[in-house]
Amino acid sequence: MKILAASDIHLGRLPTHGSSNDLPWDAVVNTAIEYEVNVLVLAGDIIEHERYWLSSIGAIDAGLAKLKDAKIKVFAVGGNHDWHVLPYLASLTEEITILGFGGTWQSYEYDGVHFVGYSFPRAHNRVSPLASFDSALVAEASLSLGILHGDLDVPSSAYGPLQRHKLAASGVDLWALGHIHTPGYFADAKSFYCGSPYALDPSETGERGVYLIEKASARAWKEPRFLPISPIRYETLPISVTDLDSLDAIGAALNQAARERLHESDVQSLYLQPLFTGLRNPMIELEALFAGERGEVLIASTEGRSCYVRTKIRNETSMAIDLEEVAKGSGSDAILAKLIADEEWLLSCYKRVAAASYNGPAYRALEPRTESDEAMLASAKTAAMTLLQAMVKQRREVER
Amino acid sequence: MNRAHYHFTRMTLVRSEGFDQPPFLPIENFGPGLNIITGPNGIGKSTLLRAMRSLLHGTNISAKMHAQATVAQLEQQWELSLVHGELLQRKRGHSESQHLPGRNHELSDTYFFALHELLDQAGDTQVFIERVRKEMHGGIDLAKAYTDSKAATGFSGANLGLKRAVDVARDKLRAAQSKIDIHADIRDHIAQLEEHIDTAGMLRQEQQLYSNAIEAVQTQQKLTDLHEEIVAFDSRITHLHAGTEAEYRSLLDRVDQEQREVDAQKQRVAEKERQIASHQLAAELSSDMLWRKELSRLIAALITQEQERKQSQREFAEAEARFTASSDELTWLVTELPKESFLQPALKELAQLAGESERVRLAVVVAERLLASLGVYDDNCEAAYAHAKQELDAVAPLVSGTAQRSGLRVRNLIGLLVILAGGVGSLLWAPLGLTVTVVVALLLFLFQGKKPKSKSTSLIDELSLREGIDLSDTQKVEKLYQLLLRREADLAHRKERNIQIKSAEQEVQRTQVAYQRWRSEYQAAAASLNLQDHPSIEQANFFNFSKALLEWQRHGEVLRAKEACYRSAEAQYLKTKTALLAHGRFTDNEHAILLEDAQSLLAEIAEYERAEQDLERLLLELERDEKRFATAEEAVATFYTKLDISQEDPKFLWRLIADFPTYEGLVRERESVTVMFERIESDAIAKAETASLHELQAHKRKIEEELEEIEKHREKLGELKETYRGLTQSSEIADLDRTWRNEVEELEEHRSKEVTAVFIDALFNEAQEASQRQHQPEVVRNASKWFEAITHNQYRLLVADGSFVAEESATNQTKQLRELSSGTRIQLLFSIRMGFLDLLEKGTEARLPLFFDEIMANSDDERSLAIAEAIKEITQTRQVFYATAQVDEVHKLQSVVKDAVVIDLGVLAGKKRSTTSPFVPSTYQVDSVPVAIEDYDQYAEVLSVYAPQLFEPIGSLHPWYLATSSTELYTLLNRNFTTAGQAALSSPLYRRRVALLRAAQRAMQQGRPRILREADLLEVPAEVRRNTQYWQQIVDFLAAENRTGNDLVAAIENKEIQRLQDPARAVLLDWLQRERFTSEGSPLSEAEILAAVSLSDEAFTTDSCEHMIVLRYLAALGLGTI
């Protein structure tokens, strides 16, 4: 038996760099047919939201019809996005079987394999689905495949928190998981995240696609094989600016690195976000690199493949300023250097400002984003260094 | 004097704004301490100080300033020069430029204390405040750092564009979502509707069954009703049919019509009978056919004869008129008309005479003209000829025979000519000519036959003596003989002409006699015709006249014939008329009445006969009509019998006829309903038997309502399917969702940036507060010391709220600058400057001179002395210059600073004037203005008027360009107006003309930039550096002829001039534009310039003197012609 596993298609949502929201689903269907699988499992969030079902149903109907023609059985569970609409759709057609509707566990034996699944009962589900899992469901199965949507290793998650060890101890031979868009196999948890078949936005870096599951024996699965199918790929392009004394030199280095990355890649469209690292000359303003540009800039194109560089850069450079040396002085720059050295104060100050920003009238409508302390500290240091740079620059100009 | 002491030892102001020449002698007596620069206002004190500051600090440099100075520092000498905005500082003995220590542009004002600047509260204090702040933060300009790091004090407000974009995108998404929500159960709805619609078929069948059942019940009831109605009619109605009424009406109409025909015919018979009775006379005469024929013939004859009579009468009148007209035509020719019987022979005779007229008159004329051509009769000719003959005869023997033969030939020739002439004359004058010819011919032959007789010796001698010829000389005798021969021939010719004259005179007499005779005969013949004695009635005119006479005779004959014809016709007519009167016994013989009576009688007889015939015909027709009437009445009777109705009861018949359509309709309806009933299906009939009609109808209505509902659902289903299709195919919500996400992402990004900016602000505030806490600005301390000293410890100086304030020592109350008196304010600002001086020169070896410009003017004595004391202290370490025009200030300073050097610029200026312009007695000559001459252009040549330049001020033009005549110009020149500008000041007229020329000049300058020459570059601001590659390129570029600023700009843009970058580039371009070396737009034509001038002056019309003046100016500039 061959099974294709996919999740987080988010039908109805237009990818940032896609012309149609049906493309990921069509690609999954076509891959299933291409690989002549017997079963297609969908681990939730197939549809972006119930408001999108009408604009998605045409594509779903067509895809399910093709799968039926190819004699491919479809099992699915509802995720936090389509917990309501996916079962509803299933009620309209016989080509898809929804497992565990309403937050229950359900088992379905097909061709000697027990498929067990659990669908989200609501958009937010802080209770771990595994809490209600009964191993008896698969006790008599010679081979089983679990289909589940949830947040692995995030105990406080509102989206079905999953514990790694519980997955491993569930008795299910392999879990096909949905929710996290980054694909990955976790041998210790006998599970893998299918990931989104297509990169939906620039934050979804790396390869995107589906997993192919095959039997190793009558009672065991082979390790799932990842099949990249996304024609779009987002990646970070690290560039070290150490020893690069001018903006032109940095631009040239960026260009060179992007071309090399395109050469190594095989996707149609490669979007690279520059990540500048290393020691930066304080006189260089990296933001000036793409001054006046928005979105992305086409760098190279070859054999129908293109490489773009995003104008939104990540600046993780550190300036060629010796904080300790500056702190020895007596001016404002010295005071600031000392403040920067106080990371605890710096982080707390930054957190306070960041939190206050969401209270501002301009940003009240935004959903507050959670960032790690490390990330916030890095942002705080970058900002503080900007001010210090302005001071040091003055002093150096005076010295010259 | 310490080594840091820099002081001026020499200063020369060569040129400056307001001083084209050195205003005073070079100053060489500067003291190392206080130098009081004094002199009257305008002498150049402030200019001197500004020049010294420019030389020291390189600030406030003017391109027009040219100055040199020497500054000493111990043994070191610095040469400072300022030429064309270029400051050169170098040590003496060194060629390269080297800046003076302490040259500081930013705080150079610290060395200058001007009263007017100190009084300005804002003044330059801000510069110092900023500097203090910077100092307070360890030399870092925090404000600049704040700006450079893009810090922000707070987050954006609700008006942030990105936020609004998010709101808009979200609202659009929600609106689309709401649309979707409305159709959330659309699929179920569609299924329900389809299910419902599927029941429609069954309902329709049921509806049909009930409809048929209802129809069966209703049809049966209808048949019953119809039968009852039909049997209610009289049974005889069955005899009627659809055409019965028409048939009956037709029969009645026929009877009526026949009756009317009979009655009408009877009336016509009666009428005819009455008509016949009225023609009694005609009845009597109608039987006599012969009488009627005669009457007819007489009437016809009378009519014809009347016409003939009138025709002949008309022709008679016309002939009479023509004869009268012809007679009238002859009245001017004849005294009275001749008798017609005599007319023909008289005319013949007269015609014959007229035919001879020309010949007779011509003969007279020819004879008279021949006589005139022959000349006058020569009475001596005969005797002379005889004598000549004798002489010839006498000489003849003396000469040879040749001569004699010759003489014969001559005579023969003459004779022949005479005969020929005679022949011609005979042709003209007939017998007379012929006779004369014959006689002459005979005489000639006779004369020719004679031989010369011998002459006597005496005659020969006489001849010899008369002619003086020696007769012994043969040749001379021969010659004489020839002479005599010619004389004899000549005389013979004259004799011949005499004969001709005689003959001609006779011919004249003869022809005149013949003419007179013809005349007499002609007059006699004319008199017989009574012709007027008119001289023109002769010859050809007569022929016309004779035609008229003959025509007149013919008219007379015609007249007589027509008259006879008329008389005959008249007689015939009267005869016929009389016969008609008698035949018809008519009483009135007037032609028309008679004729009418006769014709009426005939017509009456004819009419009577026709009436007789008509009556007969009418009677026959009456008989036929009466028969038809009887037949019609019989048909009506038969009709009644057929219907079984008494003819006596027509009303009953009419009632039946009226009822028949109803009866017939009921019968037909019954037939139709029967057919319908038979067609109804059996199940419907069976259903009808199970329920009442009301029940059936109620049930059917219910079914119909349900079907209507289904139809509505069908429409709804269509709409829903369309909506469903649209929704499933629409990408609207996905697009809106992506837009919303993108907007959110952008807003988030903006928020992130603002978090950074606000965080920097927080850091900044933290660092600033800590810095201010840690650093006490030295400058404030220094300034406060100065302030305390010169206010005698009354005030201290502090920095509060970003500005300097004075704190009263006694009360610790602070006062802002604006709250201080002007004197104290000056003291405070003076202290700040001094505090900065300490700061500036801290760590350097330079103590540069200070400059004061009347700073004590607004201070009372106490404060003035305090300032003087402060100045005294300053002079301990540096050179000080104090400029004032106030003598009391000089005294105050001198009283405090004993070794002050007073430099009186007034004195130096006087010395300068006396050395450069020593007094020299001079003679002067008054130039008189050349006398005006009429030609204005020639007067310009006499005055050496110069051509204008496009960029030359109009005021500097020669007055010639303002005036219109030599006299006017002479007046201006006599008033010493040498330029247009001077003239313009003299009167509104010239002011207006100057204004017009200025307007024309401005318009012409558009698109025509100034020529830029190398010399002009001296005025280029100092920011454009001279010792550069681009400067040399500009100089080289301008070496070519007629280069403009536009050319230079183009060269700069084309990189022909290289390495010229901002700000020098911007300064140069700005200067070029300001000085009009560059100009935008296209040059205006003459017409466009005149239009532009017109816009500036409404009275500028083409017929004005001003128009001519402007045209003349434009022509002088090379535009257009005048």
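The values are calculated or read from the model by the stated rules, or taken from the named source; none is laboratory data. Quick caveat: nothing in here was measured; it's all calculated off a predicted structure. FYI the Cβ positions are ideal-geometry reconstructions off the backbone, even for glycines, and counts take in every protein chain you see.
The table below lists the values:
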| quantity | calculated |
| --- | --- |
| Some residue of the range A:39-57 being out of contact with any Asp or Glu (no Cβ under 6 Å at 6 or more places or on another chain), surrounded by fewer than 16 Cβ atoms within 10 Å (Cβ to Cβ) and not aromatic (Phe, Trp, Tyr) | no |
| Count - residues of the range A:238-253 that are in a loop (DSSP other than H, G, I, E, B) and of a type in the set (A, V, I, L, M, F, W, C) | 2 |
| Selection count, the range B:130-150, where residues are at pLDDT below 65 and facing chain A (nearest Cβ under 7 Å) | 2 |
| Some residue of the range A:164-173 being aliphatic (A, V, I, L, M) and part of a strand (DSSP E or B) | no |
| Failed criterion for A:Glu94 (all others in (1) in contact (Cβ under 8 Å) with a residue 24 or more places away in the chain; (2) surrounded by fewer than 23 Cβ atoms within 10 Å (Cβ to Cβ); (3) over 17 Å from A:Ser7 (Cβ atoms); (4) of a type outside the set (A, V, I, L, M, F, W, C) hold) | (1) |
| Whichever residue in the range A:335-352 is charged (D, E, K, R) and surrounded by 14 or more Cβ atoms within 10 Å (Cβ to Cβ) and, among such residues, is farthest from the chain's Cα centre (by Cα) | A:Lys338 |
| Residue check, A:Gly63 modelled with pLDDT of 90 or more, assigned to a helix (DSSP H, G or I) and within 14 Å of chain B (Cβ to nearest Cβ) | yes |
| Checking A:Glu324 against (1) modelled with pLDDT of 85 or more; (2) farther than 30 Å from A:Leu237 by Cβ; (3) surrounded by fewer than 17 Cβ atoms within 10 Å (Cβ to Cβ); (4) within 14 Å of another protein chain (Cβ to nearest Cβ), the condition it does not meet | (4) |
| Condition met for A:Ala383 (at the interface with another protein chain (Cβ under 7 Å from one of its Cβ atoms), part of a helix (DSSP H, G or I) and either touching a Pro at 6+ places or on another chain (Cβ under 9 Å) or closer than 17 Å to A:Thr317 by Cα (or both)) | yes |
| Meets criteria (within 12 Å of another protein chain (Cβ to nearest Cβ), among the hydroxyl-bearing types (Ser, Thr, Tyr) and in contact with a helix residue (DSSP H, G or I) (Cβ under 9 Å, 6 or more places away or on another chain)) for A:Ser301 | no |
| Subset of the range B:282-317 (residues that are part of a helix (DSSP H, G or I) and among the hydroxyl-bearing types (Ser, Thr, Tyr)) | B:Ser296, B:Thr304, B:Ser312 |
| Subset of the range B:151-166 (residues that are of a type outside the set (S, T, N, Q), buried (at least 17 other Cβ atoms within 10 Å of the Cβ) and within 8 Å of another protein chain (Cβ to nearest Cβ)) | B:Ala151, B:Phe155, B:Leu160, B:Leu162, B:Lys163, B:Val166 |
| First in the range A:322-334 and free of Cβ contacts under 8 Å to residues at least 12 places away in the same chain, second anywhere and part of a loop (DSSP other than H, G, I, E, B) and among the small types (Gly, Ala, Ser), Cβ under 6 Å, 6 or more apart | A:Ser330/B:Gly138 |
| Strands (runs of 3 or more DSSP E) contained entirely in the range B:29-90, each with at least 3 residues that are in contact (Cβ under 8 Å) with a residue 40 or more places away in the chain and crowded, with 18+ Cβ neighbours inside 10 Å | B:34-38, B:66-73 |
| Extreme residue, nearest to B:Arg204 (Cα to Cα), among residues of the range B:698-732 that are of a type in the set (Asp, Glu) and within 14 Å of chain A (Cβ to nearest Cβ) | B:Glu722 |
| Of all residues in the range B:751-770 being farther than 18 Å from A:Leu347 by Cα and either out of contact with any helix residue (DSSP H, G or I) (no Cβ under 6 Å at 6 or more places or on another chain) or buried (at least 20 other Cβ atoms within 10 Å of the Cβ) (or both), the one that is farthest from the other protein chains (Cβ to nearest Cβ) | B:Glu769 |
| Set B:Ala319, B:Ala300, B:Ala325, B:Ala283: member being touching a helix residue (DSSP H, G or I) at 6+ places or on another chain (Cβ under 9 Å) and under 26 Å from B:Glu607 (Cβ atoms) | B:Ala283 |
| Given (1) of a type in the set (A, V, I, L, M, F, W, C); (2) under 21 Å from A:His84 (Cα atoms); (3) over 20 Å from the mean Cα position of the chain (by Cα); (4) more than 8 Å from chain B (Cβ to nearest Cβ), number of the condition A:Ile46 does not satisfy | (3) |
| Of residues in the range A:353-372 being within 23 Å of A:Met385 (Cβ to Cβ) and surrounded by 13 or more Cβ atoms within 10 Å (Cβ to Cβ), the one farthest from the other protein chains (Cβ to nearest Cβ) | A:Glu371 |
| The range A:108-136: number of residues that are surrounded by fewer than 20 Cβ atoms within 10 Å (Cβ to Cβ) and closer than 21 Å to A:Gly79 by Cβ | 10 |
| Hits in the range A:206-237 (condition: loosely packed, with under 15 Cβ neighbours inside 10 Å and either among the hydrophobic types (A, V, I, L, M, F, W, C) or part of a strand (DSSP E or B) (or both)) | A:Glu214, A:Ala216, A:Ser217, A:Ala218, A:Ala220, A:Arg225, A:Thr236 |
| Which listed residue, of B:Val376, B:Val366, is part of a helix (DSSP H, G or I) and β-branched (Val, Ile, Thr) | B:Val366 |
| B:Phe342 being more than 30 Å from B:Leu581 (Cβ to Cβ), in a helix (DSSP H, G or I) and of a type in the set (A, V, I, L, M, F, W, C) | yes |
| Residue count for the range B:78-96, restricted to those that are of a type in the set (Ser, Thr, Tyr) and within 20 Å of B:Val1024 (Cβ to Cβ) | 1 |
| Residues located in the range A:328-352, provided they are modelled with pLDDT under 85 and more than 9 Å from every other protein chain (Cβ to nearest Cβ) | A:Lys328 |
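Here's the yes/no breakdown for (1) touching a residue at least 12 places away in the same chain (Cβ under 8 Å); (2) surrounded by 13 or more Cβ atoms within 10 Å (Cβ to Cβ); (3) part of a helix (DSSP H, G or I); (4) away from chain A (no Cβ under 14 Å):
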site	(1), (2), (3), (4)
B:Lys172	yes, yes, yes, no
B:Asp188	no, no, yes, no
B:His196	yes, yes, yes, yes
B:Leu203	yes, yes, yes, yes
B:Gln207	yes, yes, yes, yes
B:Tyr210	yes, yes, yes, yes
B:Ala213	yes, yes, yes, yes
B:Leu223	yes, yes, yes, yes
B:Thr238	no, no, yes, yes
